[in-house]
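> Below is the structure I would like to discuss, written out as structure tokens.
The values are calculated or read from the model by the stated rules, or taken from the named source; none is laboratory data. These numbers were taken from a predicted model, which means no experiment stands behind them. Counting neighbours? That spans all protein chains shown, and the Cβs are built from the backbone with ideal geometry, glycine included.
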Amino acid sequence: MSSFLYQRIVIIGTTSSGKSTLAEELAKRFDLHFVDLDALHWEPNWQEAPLEVFRARVVEATKSGCWVVAGNYSSVRDLLWSRAEVVIWLDYSLPLIFGRLWSRTWRRWWHQELLWGTNRENMWNHLKLWSDESLFKWLFKTYWRRKREFPELLAQPEYKHLQLIRFKTPKETDKWLAEFLETES
């Protein structure tokens, strides 16, 4: 059983905000089950899992009482947010996120990192800003929308039970995490 203040956590933010990195860190340090929604969503050759398969995977992955989930998929929000205790929103600046996305995409492409089974980054697809395959297009398409939608979602009656922790900078996030680590010592 985790000794962390929270047992069921959802981490949200735009692409490359650091959701998975923070979720993995919390999972390791506080004995929580780490769930990466991208890993459950993506099939080989960047095909999306059928909705019923994706939802079943999310249910299975969060069966334990202690988990931290990284991701924003609206198609499984009802499964996660209804059971979560806290939502951590990594609401960082666009220039920071863009820089992180560029670095991460370049690194993954250059090193041909294997992602979620059989997938690898294709730099050319990401540079085609007009293409729906481009993560850069996705960033620009979703960055301001998420800033508007997340507060609206969290204000809905079915999510009133959730505590919101919103970080505007990585320093805020690191300070918060360090404070928890100090109390654990």
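> Being closer than 20 Å to T62 by Cα, outside any helix (DSSP H, G or I) and of a type in the set (A, V, I, L, M) is the filter here, so list the residues in the stretch 78-101 that pass it.
A84, V86, V87, I88
> Scan W67, W89 and give me the residue that is over 25 Å from T142 (Cα atoms), crowded, with 21+ Cβ neighbours inside 10 Å and either of a type in the set (G, A, S) or modelled with pLDDT of 95 or more (or both).
Result: W67 is the single residue among W67, W89 that is over 25 Å from T142 (Cα atoms), crowded, with 21+ Cβ neighbours inside 10 Å and either of a type in the set (G, A, S) or modelled with pLDDT of 95 or more (or both).
> Please tell me if V53 is modelled with pLDDT of 95 or more, farther than 27 Å from W144 by Cα and either over 9 Å from the mean Cα position of the chain (by Cα) or surrounded by 16 or more Cβ atoms within 10 Å (Cβ to Cβ) (or both).
Against the criterion (modelled with pLDDT of 95 or more, farther than 27 Å from W144 by Cα and either over 9 Å from the mean Cα position of the chain (by Cα) or surrounded by 16 or more Cβ atoms within 10 Å (Cβ to Cβ) (or both)), V53 qualifies.
> Within the stretch 1-16, take every residue that is hydrophobic (A, V, I, L, M, F, W, C) and under 10 Å from the mean Cα position of the chain (by Cα) and give me the one that is surrounded by the fewest Cβ atoms within 10 Å (Cβ to Cβ).
Once the filter is applied, the top-ranked residue is I12.
> Can you give me the number of residues within the stretch 127-160 that are of a type outside the set (D, E), in contact (Cβ under 8 Å) with a residue 24 or more places away in the chain and out of contact with any helix residue (DSSP H, G or I) (no Cβ under 7 Å at 6 or more places or on another chain)?
6
> Sticking with this structure for a sec: Can you name the residue in the stretch 132-185 that is in contact with a Ser or Thr (Cβ under 7 Å, 6 or more places away or on another chain) and within 26 Å of E25 (Cα to Cα) and, of all such residues, is surrounded by the fewest Cβ atoms within 10 Å (Cβ to Cβ)?
Among those that are in contact with a Ser or Thr (Cβ under 7 Å, 6 or more places away or on another chain) and within 26 Å of E25 (Cα to Cα), it is E184.
This table checks each residue for (1) out of contact with any helix residue (DSSP H, G or I) (no Cβ under 9 Å at 6 or more places or on another chain); (2) surrounded by fewer than 19 Cβ atoms within 10 Å (Cβ to Cβ).
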site: G18; (1), (2): no, no
site: R29; (1), (2): no, yes
site: H33; (1), (2): no, yes
site: E43; (1), (2): no, yes
site: Q47; (1), (2): yes, yes
site: V58; (1), (2): no, no
site: W81; (1), (2): no, no
site: F98; (1), (2): no, yes
site: W102; (1), (2): no, yes
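> Now, a different point. If a residue must be in contact (Cβ under 8 Å) with a residue 40 or more places away in the chain, under 15 Å from C66 (Cβ atoms) and either small (G, A, S) or touching an Asp or Glu at 6+ places or on another chain (Cβ under 7 Å) (or both), how many such residues does the stretch 24-49 contain?
Counting residues in the stretch 24-49 that are in contact (Cβ under 8 Å) with a residue 40 or more places away in the chain, under 15 Å from C66 (Cβ atoms) and either small (G, A, S) or touching an Asp or Glu at 6+ places or on another chain (Cβ under 7 Å) (or both) gives 1.
Residues checked against (1) touching a residue at least 24 places away in the same chain (Cβ under 8 Å); (2) among the charged types (D, E, K, R); (3) closer than 23 Å to K160 by Cβ; (4) touching a His at 6+ places or on another chain (Cβ under 6 Å):
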{"site": "G13", "(1), (2), (3), (4)": "yes, no, yes, no"}
{"site": "R55", "(1), (2), (3), (4)": "yes, yes, no, no"}
{"site": "V69", "(1), (2), (3), (4)": "yes, no, yes, no"}
{"site": "S75", "(1), (2), (3), (4)": "yes, no, yes, no"}
{"site": "L90", "(1), (2), (3), (4)": "yes, no, yes, no"}
{"site": "L96", "(1), (2), (3), (4)": "yes, no, no, no"}
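> Now, a different point. When the residues of the stretch 161-175 are filtered to those that are in contact (Cβ under 8 Å) with a residue 24 or more places away in the chain and not in a loop (DSSP other than H, G, I, E, B), which remaining residue is farthest from Y92 (Cα to Cα)?
Result: Q163.
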